[in-house]
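Here the structure comes first, spelled out in structure tokens, and everything after it is commentary.
The values are calculated or read from the model by the stated rules, or taken from the named source; none is laboratory data. Being a predicted model, the structure only gives us computed values, none of them experimental. With ideal geometry, Cβ positions are generated from the backbone for all residues, glycine too; neighbour counts draw on all protein chains shown. Side chains are part of the model used for accessible areas, which takes the heavy atoms of the whole protein and leaves out ligands, DNA and RNA. Shrake-Rupley method; radii C 1.70, N 1.55, O 1.52, S 1.80 Å.
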Amino acid sequence: DHQTILRAWAVKDFAPNCPLYVQILKPENKFHIKFADHVVCEEEFKYAMLALNCICPATSTLITLLVHTSRGHTAPWEAFRQLTGTKQTLNRESQQSPEQWQKMYGRCSGNEVYHINLEESTFFAEYEGKSFTYASFHAHKKFGVCLIGVRKEDNKNILLNPGPRYIMSSTDICFYINITKEENSAFKKQEKHRKNHESKLSYHGASRLPVHSIIASMGTVAIDLQDTGCRSGATLAIPAEGGKEGRRPSIAPVLEVADSSSLHTCDLLSDQSEDETTPSDDEVSAGLEYAKGYPPYSPYIGSSPTFCHLLHEKVPFCCLRLDKGCQHNYYEDAKAYGFKNKLIIVAAETAGNGLYNFIVPLRAYYRPKKELNPIVLLLDNPPDMHFLDAICWFPMVYYMVGSIDNLDDLLRCGVTFAANMVVVDKESTMSAEEDYMADAKTIVNVQTLFRLFSSLSIITELTHPANMRFMQFRAKDCYSLALSKLEKKEREKGSNLAFMFRLPFAAGRVFSISMLDTLLYQSFVKDYMISITRLLLGLDTTPGSGFLCSMKITEEDLWIRTYARLYQKLCSSTGDIPIGVYRTESQKLTTSESQISISVEEWEDTKDTKEQFSCRSNHRNSTSSDQSDHPLLRRKSMQWARRLSRRAPRHSAKTAEKISQQRMNLYRRSERQELAELVKNRMKHLGLSPAGYDEMNDHQNTLSYILINPSPDTRLELNDIVYLIRPDPLTYVPNAGPSRKDSFCNTVGQDTREETQL
């Protein structure tokens, strides 16, 4: 950072008018380069992204796909200039895949954020004078685009989902998610004879040199709408009444202008639509004595003030230590505290200033109090006093000195009660002699966690994205081997996102800060991308701007049926804007040739062992060596393999595969039981109850992936998690809650925030 700061100063001194784009590591160095036009701080984004991964699964993958651009080395520039038929390398490969999830995931990954002036737009021009939610729903219904935010012409602040009370103006800049920008879409070609394509845009961003257009279009997926199969229709087709499944519950229409009488709490979101402005009687009786305000102390200069849940009085430093009792409490392990919600554990080397940005998004004022998860920081080195000063105002935040290398430390910090385990890359390992060996220790430690606690959701940060192929590694996993071949093909074609089909990345269980390098590149032509990303991650808060959250589809919600009906339900009730779906499926084993070959290899190993044992027992007095026995065994095993292949057209191959799978399950079960006994014995030795340890829950046979802005007719499935941009509850609350001014009462540290602004 010191060298980067000096270079930035040199450029500013030599060419003061040159636009400056700076990427630094540490947040405490931001104020040295606040004069730069665009700044990306890696630690800020990293910790905020890892934090949101715990409550909105795979947020890191969602943001990476939205900001990523692919250079497309295999295609000439003329191919990118075509209005239709231009496909990204990854998406073309995904369309050839036999896996349905890869087709959907690859197609939806081409969505990016674009902007356009409302009066110049084919998508949004007709919604002038209408509410924001009305414009967002009907634009998605007609064109398949997702309107996520706006910006006034005379204001620099971007508002994500300002809510149904916001009225669209002709001079507004609209920000939307789509497979391609409107200028390159098929709809724009249809309107070309009616509108002058050379009209002047009101958005004055970066200058329009040819290089800007090239960088902007690199990675854009300008697929012909007829090829996508989800954007071809001009209108959204809602299933007719009286279908096969019976009469569907009706959904209220989305109003052009908000009506206070129609803004009510949606039954679909009853568990998440808590009114945060007024505490309920249950909260008062439960003793949740939290205030809302701005944190009185920030560990570094330049952090954006965020309205958070805070304690009325700061916690003594001795009470922040999880594993050691003090005069205020005698708890020495996580279970003794009796937490109602599961833990979020962060394993880091040191408590850097960036770790503060992990806590703030999880304690933001719009998070329901009843859903706040305790946060435990598992640190290799004791934290500094100034860091403890910053975190002592937040509820349920603790630290413990220990390492993920030590099983006892993991058990004391409550790994058996944790919902998520975040493993942060250690700075000391980044300077390894071999470049890609920097992640070796982290990968092996995470693999140990994966084997010991199979039900634990582990989110890992790596230095090199290529090493994600070793996450939750299984040597004989034929599915991972097939994905490895797919990745090799993508890399040969020159793709910079070849790893996107890797299961750990698609599921959001692995993240590398280098994935955000493209954010700075995109800001060269989309100067709003850094602001939108910071708003989504909760690093910045703007009055009237919404926030990212999620909801889970339960059995009671399946009557919604399609993504289009969910969009209408949310817009007409709570004002939420859905932007994507996180889906988890069971990994079904198909009878492919690769799997049959692997099964044959396993049977060959068993046959070789038996034959070798019998030969040695029958020829104990013989002077023949192992070298003379080996050809005989190989010949017999090959004969057995040929007999198996002859019977494959009938039922032998299926039977062999089933028996092999059963044997593997028995092997895994016995191994898990052995590991479970090890963990339980250590818990008993430490005086901990092994009741919370669940050794049989296994997530190895599931795959998860993201669908960004899926097609309106996408069917919702059980346990789908929907990403939402929810309106700011301080400016818009269903049933007309108190105003922002009334909500700021009983705050903590308000004077400190005013001094910070001054």
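Looking at SER169 and the list (1) open to solvent by 20 Å² or more (accessible area, probe 1.4 Å); (2) assigned to a strand (DSSP E or B), which single condition is not satisfied?
Among (1) open to solvent by 20 Å² or more (accessible area, probe 1.4 Å); (2) assigned to a strand (DSSP E or B), SER169 violates only (2).
Can you tell me which of (1) modelled with pLDDT of 90 or more; (2) open to solvent by 20 Å² or more (accessible area, probe 1.4 Å); (3) not aliphatic (A, V, I, L, M) is the one CYS392 doesn't meet?
Result: CYS392 passes all but (2).
Among the residues that make up segment 514-535, is at least one of them hydrophobic (A, V, I, L, M, F, W, C), closer than 30 Å to GLU674 by Cβ and either touching a residue at least 60 places away in the same chain (Cβ under 8 Å) or crowded, with 21+ Cβ neighbours inside 10 Å (or both)?
Of all residues in segment 514-535, those hydrophobic (A, V, I, L, M, F, W, C) come to 515-516, 519-520, 524-525, 529-530, 532, 535.
Filter again for closer than 30 Å to GLU674 by Cβ, leaving none.
No, segment 514-535 contains no residue that is hydrophobic (A, V, I, L, M, F, W, C), closer than 30 Å to GLU674 by Cβ and either touching a residue at least 60 places away in the same chain (Cβ under 8 Å) or crowded, with 21+ Cβ neighbours inside 10 Å (or both).
Evaluate segment 141-159: report whether one residue or more is touching a Gly at 6+ places or on another chain (Cβ under 6 Å) and either assigned to a loop (DSSP other than H, G, I, E, B) or hydrophobic (A, V, I, L, M, F, W, C) (or both). First the steps, then the outcome.
Pass one, segment 141-159, residues touching a Gly at 6+ places or on another chain (Cβ under 6 Å): 158-159.
The next check asks that each one be either assigned to a loop (DSSP other than H, G, I, E, B) or hydrophobic (A, V, I, L, M, F, W, C) (or both); those that pass are 158-159.
The answer is yes; a qualifying residue exists.
Is it the case, given these coordinates, that HIS115 is open to solvent by 10 Å² or more (accessible area, probe 1.4 Å) and either modelled with pLDDT of 85 or more or touching a strand residue (DSSP E or B) at 6+ places or on another chain (Cβ under 7 Å) (or both)?
Values: open to solvent by 10 Å² or more (accessible area, probe 1.4 Å): yes; either modelled with pLDDT of 85 or more or touching a strand residue (DSSP E or B) at 6+ places or on another chain (Cβ under 7 Å) (or both): yes.
For HIS115, the condition - open to solvent by 10 Å² or more (accessible area, probe 1.4 Å) and either modelled with pLDDT of 85 or more or touching a strand residue (DSSP E or B) at 6+ places or on another chain (Cβ under 7 Å) (or both) - is met.
If GLY692 satisfies every condition in (1) open to solvent by 50 Å² or more (accessible area, probe 1.4 Å); (2) at pLDDT below 75 but one, which is the exception?
The one condition GLY692 does not meet is (1).
With ASP13, ASP1 as the choices, which residue is without any contact (Cβ under 8 Å) to a residue 24 or more places away in the chain and among the acidic types (Asp, Glu)?
Working: ASP1 fails: without any contact (Cβ under 8 Å) to a residue 24 or more places away in the chain.
Going through ASP13, ASP1 in turn, just one is without any contact (Cβ under 8 Å) to a residue 24 or more places away in the chain and among the acidic types (Asp, Glu): ASP13.
Out of all the residues in segment 1-27, which are more than 25 Å from VAL525 (Cβ to Cβ) and within 33 Å of the chain's Cα centre (by Cα)?
Hits for segment 1-27 are ASP1, HIS2, GLN3, ILE5, LYS26, PRO27.
Select from segment 23-57 the residues that are open to solvent by less than 10 Å² (accessible area, probe 1.4 Å) and among the β-branched types (Val, Ile, Thr) and write down the one among them that is farthest from MET515 (Cα to Cα).
In this case the residue turns out to be ILE33.
Which number in (1) farther than 30 Å from PRO690 by Cα; (2) modelled with pLDDT of 90 or more marks the one condition that PRO299 misses?
(2)
Is one or more of the residues making up segment 427-450 in contact (Cβ under 8 Å) with a residue 60 or more places away in the chain, part of a loop (DSSP other than H, G, I, E, B) and open to solvent by 20 Å² or more (accessible area, probe 1.4 Å)? So that I can check it myself, show each step before the final result.
Here is the first cut: in segment 427-450, the ones in contact (Cβ under 8 Å) with a residue 60 or more places away in the chain are 427-428.
Still in the list and also part of a loop (DSSP other than H, G, I, E, B): none.
Scanning segment 427-450, I find no residue that is in contact (Cβ under 8 Å) with a residue 60 or more places away in the chain, part of a loop (DSSP other than H, G, I, E, B) and open to solvent by 20 Å² or more (accessible area, probe 1.4 Å), so the answer is no.
Does GLU671 count as open to solvent by less than 60 Å² (accessible area, probe 1.4 Å), at pLDDT 70 or above and closer than 24 Å to ALA475 by Cα? Spell out the reasoning first.
Working: open to solvent by less than 60 Å² (accessible area, probe 1.4 Å): yes; at pLDDT 70 or above: yes; closer than 24 Å to ALA475 by Cα: yes.
Judged against the criteria, GLU671 is a match.
Any idea which of (1) at pLDDT 90 or above; (2) touching a Gly at 6+ places or on another chain (Cβ under 8 Å) is the one HIS68 doesn't satisfy?
Every condition holds for HIS68 apart from (1).
Mind listing whichever residues of segment 305-324 are open to solvent by less than 40 Å² (accessible area, probe 1.4 Å) and either more than 27 Å from the chain's Cα centre (by Cα) or among the hydroxyl-bearing types (Ser, Thr, Tyr) (or both)? Lay out the reasoning, then the answer.
To start, the set of residues in segment 305-324 that are open to solvent by less than 40 Å² (accessible area, probe 1.4 Å) comprises 306-311, 315, 319-320, 322-323.
The answer is THR306, LEU311, VAL315, CYS319, LEU320, LEU322, ASP323.
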